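Working notes for the structure below.
The values are calculated or read from the model by the stated rules, or taken from the named source; none is laboratory data. Keep in mind that this is a model prediction, so the values were computed, not measured. Using ideal geometry, Cβ is built from the backbone for each residue, glycine included, and neighbour counts are taken over all protein chains shown. Note: areas computed on protein heavy atoms with side chains; ligands, DNA, RNA excluded. Shrake-Rupley method; radii C 1.70, N 1.55, O 1.52, S 1.80 Å.
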Amino acid sequence: MAADPEQPLSDEIASQGWYATFELAPGVETPGWFDLRSVAEKLPFPADMSGMRCLDVGTFEGFWALHMHRRGAREVLGVDLLDPASWDWPVGSDEAVVSALEGRKRGGLGFETVRAALDHPVERRELSVYDLDEERIGRFDFAYLGSLLVHLRDPVRALERVRSVLDGHLLLCDLVHLPNTVRRPWTPMAQLDGRGRPWWWRPNLAALLRLAEAAGFEPADRPRLVFLPPGAAHPRPSLRPRAALRALRTGAGREVLFASRFGAPHAALLLRPRR
Ligand SMILES: C[S@@+](CC[C@H](N)C(=O)[O-])C[C@H]1O[C@@H](n2cnc3c(N)ncnc32)[C@H](O)[C@@H]1O
């Protein structure tokens with residue numbers, strides 16, 4: 001789907017769901033599910049990426065690809081699966097959930113809107129992380145993979161495919177299970193969802209690192225916890241005592257409440273392929 005050059009920007013923004021917050025013109029912001037702008041400065045991207053060929057895996061609207069372009073990357077390629085029906089769904093998932101995600105994603109229109117408004121040169125290819133292959137896309141000096149492993153049935157295979165096209169560092173920033181990270185910092189463990197929606201493994205920080213090691217990476221910096229701040233479109237459950245008490249009764253309720261106030265817990269790992 002391509003952005004319509006005749007449509008005013010504010011109408012185009014309002015006509016679709018947004019994952020990230022972008023300022024597309026002075027004072028014109030997309031209502032993102034997350035506002036990643038403050039996080040971008042905290043993650044260990046090289047300050048100067050000039051000369052680098054970079055890969056953004058699961059680019060969505062291209063937030064991180066654009067970030068690497070702005071840091072001077074010579075070339076950035078974003079890959080993504082534009083049709084949510086081709087994500088990793090557990091058997092028995094509800095068609096209504098697939099359609100709701102298709103409605104938000106709209107064939108990847110958000111990427112086109114951002115590219116047209118900000119006139120950036122990032123390329124996007126429709127390609128699954130599982131199909132990354134040097135013959136098709138060449139090799140890269142740096143790769144970013146964010147908030148994607150949680151949606152994959154096979155995160156180790158995905159990381160192996162990233163390693164197969166990478167000469168330099170991978171910055172991996174994915175969802176972690178916060179209570180298990182705090183309670184069991186040294187024990188790799190993951191909670192399995194896998195029911196009704198493309199949410200799979202939720203590792204603690206130690207398990208996220210173990211997944212990366214199992215795929216042939218080693219740490220190149222200390223891991224850090226980051227919280228992705230909610231954007232304007234993020235649901236904000238009520239804090240009225242009765243509603244809050246109800247939410248606090250279940251793990252899922254506690255998670256939504258926490259994320260809506262403090263952000264979604266992620267761990268950022270700077271990794272390099274093990275020689
Ligand atoms: C939660 S969003 C994260 C967006 C972005 N990476 C970020 O960190 O802000 C997950 C993205 O991964 C994409 N995705 C899902 N399955 C994929 C796969 N097998 N290969 C590549 N991308 C995939 C989705 O289309 C979506 O754009």
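Suppose we keep just the DSSP beta bridges with both residues in the chain; what percent of those would be antiparallel, to 5?
Working: 21 of 42 bridges.
Here the antiparallel bridges make up roughly 50 percent for the chain.
Tell me, which longest segment in the chain has none of the GluC sites (Glu not before Pro) that fall in DSSP loops with at most 15 further Cβ atoms within 10 Å? With a cap of 15 other Cβ atoms within 10 Å, the longest stretch comes to 42-275.
Per residue, segment 9-273 exposes an accessible area of 46 Å² to a 1.4 Å probe, with every protein chain left in place.
Net charge within 12 Å of residue 173 by Cβ-Cβ distance, Lys/Arg positive one each and Asp/Glu negative one each, not counting residue 173 itself?
Details: positive: 42, 224; negative: 56, 174.
Value of the local net charge: 0.
Residues whose amide H falls under 5 Å from that of residue 224, counting only those 5 or more places apart or on a different chain, are 268, with hydrogens built in the peptide plane. Do you know the relative contact order of the chain, to the nearest whole percent, from alpha carbon pairs under 8 angstrom that are 6+ apart? Relative contact order for the chain comes out at 20 percent.
Between amide H atoms placed 1.01 Å from N, distances below 5 Å from residue 231 occur with 34, 35, all of them 5 or more places distant or on a separate chain. Applying 0.36 nm per residue to the separation of residue 93 and residue 232 and subtracting their alpha-carbon distance, the gain on full extension is 47.2 nm. Take every Cα pair under 8 Å whose residues are at least 6 apart in sequence, average their separation, divide by the length of segment 174-229, and the relative contact order is 31 percent.
Roughly speaking, to the nearest percent, how much of the chain's 1.4 Å accessible area is carbon and sulfur?
Working: 7040 of 13390 Å².
For the chain, the apolar C and S fraction of the accessible surface comes to 53 percent.
Residues considered: 264, 65, 247. Largest GNM mean-square fluctuation over the chain, using C-alpha springs under 10 Å, is found at 247.
According to the square roots a ≥ b ≥ c of the eigenvalues of the Cα gyration tensor, what is the shape class of segment 1-129, taking rounded for a/c under 1.5, prolate for a/b larger than b/c otherwise, and oblate for the remainder?
Details: a/c = 1.78, a/b = 1.27, b/c = 1.40.
In terms of gyration-tensor shape, oblate.
In plain terms, the chain from residue 139 to residue 15 could stretch by 41.0 nm, reckoned as 0.36 nm per residue minus the Cα-Cα distance. For residue 58, the residues 5 or more places off, or on other chains, whose built amide H falls under 5 Å of its own are 79, 80.
Add -39500 (n - 2.57) for each DSSP H run of 4 or more in the chain, then divide by its residues: what number comes out at 222 nm, to the nearest 500 deg cm²/dmol?
Values: 11 runs with 89 residues, N = 275.
Calculated at 222 nm, the ellipticity per residue is -8500 deg cm²/dmol.
Is segment 9-273 rounded, prolate or oblate when judged by the Cα gyration tensor, a ≥ b ≥ c being the square roots of its eigenvalues, rounded requiring a/c under 1.5 and prolate requiring a/b larger than b/c? If you can, show how the numbers build up before the last one.
Values: a/c = 1.44, a/b = 1.11, b/c = 1.30.
Rounded, because the longest to shortest axis ratio a/c is under 1.5.
About the Cα centre of the chain, what is the dipole size in debye to 20, counting +1 per Lys and Arg Cβ and -1 per Asp and Glu Cβ, all else neutral?
Details: 36 positive and 36 negative charges, 343 e Å.
That gives a dipole near 1640 debye.
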